[in-house]
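What follows is calculated from the coordinates using simple rules that are stated; it is not laboratory data. Quick caveat, the model's predicted, so the values are computed rather than measured. When we count neighbours, we look across all protein chains shown, and the Cβ atoms used for this are built from the backbone with ideal geometry, even at glycine.
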Amino acid sequence: MAENGPLKVALLGAGVVGSQVARVLLAEGDTLESRVGRRLELVGIGVRREGIERAGIDSSLFTTDSMGLVTRGDIDVVIEVIGGIEPARSLVLAAMRSGASVITANKALLAQDMAKLSATANDNEVDLYYEAAVAGAIPIIRPLRESLVGDEIRAVMGIVNGTTNYILDKMTTASLSFEEALQQAQDLGFAEADPTADVEGHDAAAKAAILAGLAFHTDVRQSDVFCEGITSVTADDIAAADAMGCVVKLLAITKLTNDDEPRVIVKVHPTMVPKTHPLASVSGAFNAIFVDSRDAGQLMFLGAGAGGAPTASAVMGDVVTAARNRLRGSAAHVQTGYMKREVAPIGDATARYYISFDVEDRPGVLAACATVFARHNVSLQTVQQSYLEGLERRDGFAARLGVMTHEASETDLAGVLAELAEASFVGTGVNYMRVEGS
C-alpha cells in the first residue's frame, strides 16, 4: 500500500452481485473515500470469460487471469462473489497468502472450509469478512461475531431462504399448491429455473452451518446439518398448522443440548411456528433471524435476504471495515472453533411435534394411542379429534387425530411413528411436523 495512495481492490465475479459492487466502487468513490479515509481503486475484475458488456463498467477492468489478479502483490482487498467451492477456494486462499484481506459472500465455501479460511487469515494477519453470506442485507454476522461475543447465545433460529419463504407464504395466504407457488416464484425471479438448492433446503443448510459456528464457537460444516426441504409440504399441513394457531416456515435452527457438556444441534426443516412468534409474520421473500441470548435477551433481524443491491450493501459494509483496518495496520482476529463442541446427531435433538393420523372410531382407540406415546416417553399436550366424511373415510378409519406433544427427542418420536404405522387401529399415512418457537 503506497503511503497516501489509493487502496487497491480486486473483484472476483461480475454477475448480479458483482456488477452491483463494481458500480458502487466506481460511482461512489468520493463517498467511500470520506468513510474510509483513503480512495478505493478498483483495479481488476476476474471473470470466466471476457467480451460480455456490463453497463457502467469499463471493459478494460475485466480479466480471465483471476489468480494473477489476486496474487500480484499490491492488492489490499479482494472481494469474492463468484460462488461455489472451486476456483473460489484457491483464489481466496492465494489472496490472503499474498497479503490481501478478503470479503466473500460465498456461503458454500464458508460452510465447507471455515476453519481453513479463518486460520489462513490469522496466519497472514489479514481480514476475512462475510456479512453477505447468510442473509443478504441483514446484519447478522457482525452481531454474532462482535456485538454479542461477550454474551452467551442460547439459540439462533431463522428464515434464511427467500424462495422457500415466498412459496410457503403463498401456500398459506393464497391457498396455492406447492407447484403453483413455485411457478409464481420463478415467474417473479425469486426462484431459479432449477430450484433444487432452495426447495430441498441445501442453501439454508449452508447458512445454518455458518450461524452455528459463530453462535457456539465450533467448527460446523454443511455436512453436519440435518436437512429437510419443503417439497413434501401439502395444503393439509398448512391447514393443520392454521388450526393449531401456527404457520409453516422453513427454518434454520441451531441450539445446544442440555447435556453436562453441551453439544450443538444444527438443522433445517419445515416447522410449525406459533402465530405469536415474531418469525411467523415474515412474509414474501424476506429473511429474518431470531437470536436468543442470556443477557441481551431476544433479538430479531429482518430484511431483504437476496438480490444484487441488498447483497452488495452487505459486501460494501465489509469492504469499508476491512479498508479502515488496513489503514490502521490491523486485522480482526478470526476466532472459530475454539470451544470444540461436538455436533449432536439429529436423534438427540428435541422439539415439540404435531402428529396427525386416521384412526378407527371406536371405544378404547384414544387410550391405545396415548399408550403408544407413553411407551416412548412422549408426553401429549393437546389432542384434537375430527370426523372424516365421504371420500376421506378409508377402510373404516372414520376419525382423524391431531396430536401436539410436549418437547421430546427425535429418537423417541421415531419410536412413536414406527409403532403407530404398525398399529391395526391406525390408518396409513401418519404425518408429522416439528414445532418451534413456543
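Where both bridge residues fall in the chain, DSSP classifies roughly 70% of the beta bridges as antiparallel.
Judged by the mean number of other Cβ atoms found within 10 Å, the most tightly packed of the peptides 228-239, 165-176, 202-213 leads the ranking 202-213, 165-176, 228-239. Shape descriptor for the stretch 1-106: Rg over Rh equals 0.94 (Cα atoms; Rh from the Kirkwood inverse mean 1/r). Summing Cβ point charges (Lys, Arg +1; Asp, Glu -1) relative to the Cα centre of the stretch 141-304 gives a dipole of roughly 440 debye. If you take the Cα centroid of the stretch 30-73 and the Cα centroid of the stretch 327-353, the two points sit 34 Å apart. Can you give the angle from 0 to 90° between the axis of helix 202-216 and the longest principal axis of the chain, with both taken from C-alpha atoms, to the nearest 10? The two axes meet at around 80 degrees. For the stretch 305-438, the Cβ-based charge dipole about the Cα centre amounts to some 920 debye (Lys, Arg positive; Asp, Glu negative; other atoms uncharged). Within a straight-line Cα-Cα reach of under 29 Å, Lys249 can be paired with the following lysines, leaving aside sequence neighbours fewer than 8 residues apart in one chain: Lys107, Lys170, Lys207, Lys267, Lys275.
Computed over every Cα-Cα pair of the chain and binned at 10 Å starting from 0, the pair-distance distribution P(r) comes out as 4, 20, 27, 22, 14, 7, 4, 1, 0 percent. The residue among Val426, Leu380, Val365 whose Cα reaches farthest toward the positive pole of the charge dipole of the stretch 349-435, with charges on the beta-carbon of Lys, Arg, Asp and Glu, is Leu380.
Specify the angular offset, from 0 to 90 degrees and rounded to the nearest 10, of the alpha carbon long axis of helix 308-328 from the longest principal axis of the alpha carbons in the chain. Between the helix axis and the principal axis of the chain, the angle is about 50 degrees.
When you count the other C-beta atoms within 10 angstrom of each residue and take the mean per peptide, 248-256, 283-291 line up highest first as 248-256, 283-291. Put a plus charge on the Cβ of each Lys and Arg, a minus charge on the Cβ of each Asp and Glu, and nothing anywhere else: the dipole of the chain about its Cα centre is then about 920 debye. Highest-first packing order for the peptide set 320-330, 123-133 is 123-133, 320-330, based on the mean count of other beta carbon atoms within 10 Å.
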